[in-house]
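To start, the structure under review is shown below, and the notes come after it.
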Amino acid sequence: MTPSTSVIVNRIADDEDDYNSYIKPLGRRAVIFYGMGHMLNDITAACWFTYLLVFLSDIGLSPKAAASIMLSGQIADGFATIFSGELIDRFGHFKIWHAAGSVFVALLFSSVFGGCLPCKIFGTSSVLVETISYCVIAAVFNLGWAATQVSHMSMVNCMTLNSTSRVVLTSCRNAFTMVANLGLYAIAFVVFSATKGDTQADVENQQYRWIAYISIFIGAGFVGMFQFGTKEPRLKIGLGGNNDARISWTYWFKKVLYYQVAMVYMLTRLVQNVSQAYLALYVIDELGMANSAKALVPAIIYICSFIVSIILQEMTWTGKRLKAYYSVGGILWIICGAAVIILPRSMGDFMYVIAVVMGIATALIMVTGISMQNVLIGEDLNGCAFVTGSLCFLDKMSCGIVVYILQSYQSSSSSAILGKDTGNPYLSITRIGLGLFPALCSLVGVAITYTMKLDTSYSKALVEPLLV
């Protein structure tokens, strides 16, 4: 055997060893450290969707102006995901992109709930100037948020080729999302209890900004643990040979599965984000429950989602199982949506039962819906960030547009589109946002999932269980 032949044989053997190492299940340590990496994004996103509309309303902006500010952030986020995905596919270095985006979020998020700086500089109280100021801040903050999200989501596919481990990573990430949401409500409860919000200055300076500061501090700590405990994925380099051999966008556009997964992912995110934006308003305005319910009902949802996400990590996953569990979650959300629409104020306590089912359903559709994206990517790793970015683009744009439309109708009527005019109390904007719209999205998502052909190989369970 010549020296050159020996080198080639050794290289092939090394590549085969690398491949075998990447199809083995991941251990608990790698999974948990990965799950921590999106905590800063998750806790700031929870604050964004839960309190932004309430905050802007508290400082005197109209529902339409508030929706415009949220839409500006969503549009900036959407386009940033596309560019982030392309740059990550081109240059790699997931952890660097993740760290840079996290720094951006940490530095700018508190400004979203700050005062109007141009108003103070120019000494004006113009609503137009105030709206534009918040629109710019929201857009700039979301640029960093997008870089962190795309890098964190896409690196799953380059950490392992094991289909079950990919679902486990997604499930752990979703579990930490629930922790972030619970943490936010705990922070908000303490801040609202300890401070007064009698004036606009109190709202801006004492309440929401402190919530933002504490959230950033906690989220940044988890980002540090992720950076310390997670290795830079090298699967693209080890198996692809040439890291610059990127997959063209047209490759994905020719796949029917790409469009199916994109629609399911978009609908799943709409269910989660739109329902979250209207949950607090529904509990207080529609059901007339105590203020404590504004924190307790979401807490029940997130606790149930957290438990289900942990349980899902212990399962072996196939394409059929992904479809089945997504369908179960979608059907449960349809039931919840119907209950939200018809629930009268006199039976408001039944919302706690609905919250349990919502939590289970949300975990099922989120974990399986995102995991379908990993099945689509498979071993086509040099295009994974584009897939993640393009799907996130659909998510951000659609969510911003939907909330803007709903809030536009909200401004034209104090409580409902059809309620006061027709005598029907169940068609308020809040009930549509929390009940009807998520139910319709779930129905369409289940129908699309039924038509999918998801090809996954069988893989063993985790090396060690995550539940001890």
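The values are calculated or read from the model by the stated rules, or taken from the named source; none is laboratory data. Keep in mind that what you see is a predicted model, and the values were worked out from it rather than measured. Here the Cβ is made from the backbone with ideal geometry for all residues, glycine too, and neighbour counts use every protein chain on show. In case anyone asks, the SASA skips ligands and DNA or RNA and just uses the protein heavy atoms, side chains included. Shrake-Rupley method; radii C 1.70, N 1.55, O 1.52, S 1.80 Å.
Restricting Phe109, Phe79 to those that are open to solvent by 30 Å² or more (accessible area, probe 1.4 Å) and either assigned to a helix (DSSP H, G or I) or closer than 30 Å to Glu232 by Cα (or both) reduces the list to Phe79. The residues of the range 342-353 that are over 25 Å from the mean Cα position of the chain (by Cα) and surrounded by 13 or more Cβ atoms within 10 Å (Cβ to Cβ), listed by number, are Leu343, Gly348, Phe350.
Filtered by the rule that a residue be of a type in the set (A, V, I, L, M, F, W, C) and either open to solvent by 20 Å² or more (accessible area, probe 1.4 Å) or touching a His at 6+ places or on another chain (Cβ under 7 Å) (or both), the range 54-75 gives Val54, Leu71, Ile75.
For the range 171-188, the set of residues classified as out of contact with any Gly (no Cβ under 9 Å at 6 or more places or on another chain) and open to solvent by less than 10 Å² (accessible area, probe 1.4 Å) consists of Asn181, Leu184, Ala188, listed by residue number. Got at least one residue in the range 370-389 being hydroxyl-bearing (Ser, Thr, Tyr), touching a residue at least 12 places away in the same chain (Cβ under 8 Å) and buried (at least 19 other Cβ atoms within 10 Å of the Cβ)? Yes - at least one qualifying residue is present in the range 370-389. Kindly evaluate Met266 against the criterion of being open to solvent by 20 Å² or more (accessible area, probe 1.4 Å), touching a Cys at 6+ places or on another chain (Cβ under 9 Å) and touching a residue at least 40 places away in the same chain (Cβ under 8 Å). So Met266 fits the description; yes.
In a residue-by-residue description of the range 273-290, the property of being among the β-branched types (Val, Ile, Thr), open to solvent by 40 Å² or more (accessible area, probe 1.4 Å), assigned to a helix (DSSP H, G or I) and in contact with a Gly (Cβ under 9 Å, 6 or more places away or on another chain) applies to no position. Residues in the range 80-134 that are hydroxyl-bearing (Ser, Thr, Tyr), touching a residue at least 24 places away in the same chain (Cβ under 8 Å) and within 23 Å of Ala147 (Cα to Cα): Thr81, Ser84, Ser102, Ser110, Ser111, Tyr134.
When the residues of the range 112-129 are filtered to those that are in a helix (DSSP H, G or I) and out of contact with any helix residue (DSSP H, G or I) (no Cβ under 8 Å at 6 or more places or on another chain), which remaining residue is most open to solvent (accessible area, probe 1.4 Å)? Walk me through how you get there before you give the answer.
Just the residues of the range 112-129 that are in a helix (DSSP H, G or I), to begin with: 112, 117-122, 127-129.
So of that shortlist, the ones also out of contact with any helix residue (DSSP H, G or I) (no Cβ under 8 Å at 6 or more places or on another chain) come out as 120-121, 128.
Values: Lys120: 136, Ile121: 112, Leu128: 119 Å².
Looking at residues that are in a helix (DSSP H, G or I) and out of contact with any helix residue (DSSP H, G or I) (no Cβ under 8 Å at 6 or more places or on another chain), I get Lys120.
Taken over the range 83-95, the residue count meeting the criterion of being surrounded by fewer than 19 Cβ atoms within 10 Å (Cβ to Cβ) and not basic (Lys, Arg) is 5. Given the criterion surrounded by 23 or more Cβ atoms within 10 Å (Cβ to Cβ), modelled with pLDDT of 85 or more, part of a helix (DSSP H, G or I) and touching a helix residue (DSSP H, G or I) at 6+ places or on another chain (Cβ under 7 Å), identify the matching residue among Ser398, Ser442. Every option except Ser442 fails the conditions.
With respect to the conditions (1) under 17 Å from Leu434 (Cα atoms); (2) modelled with pLDDT under 85; (3) not hydroxyl-bearing (Ser, Thr, Tyr), Ala339 falls short on a single one, namely (2).
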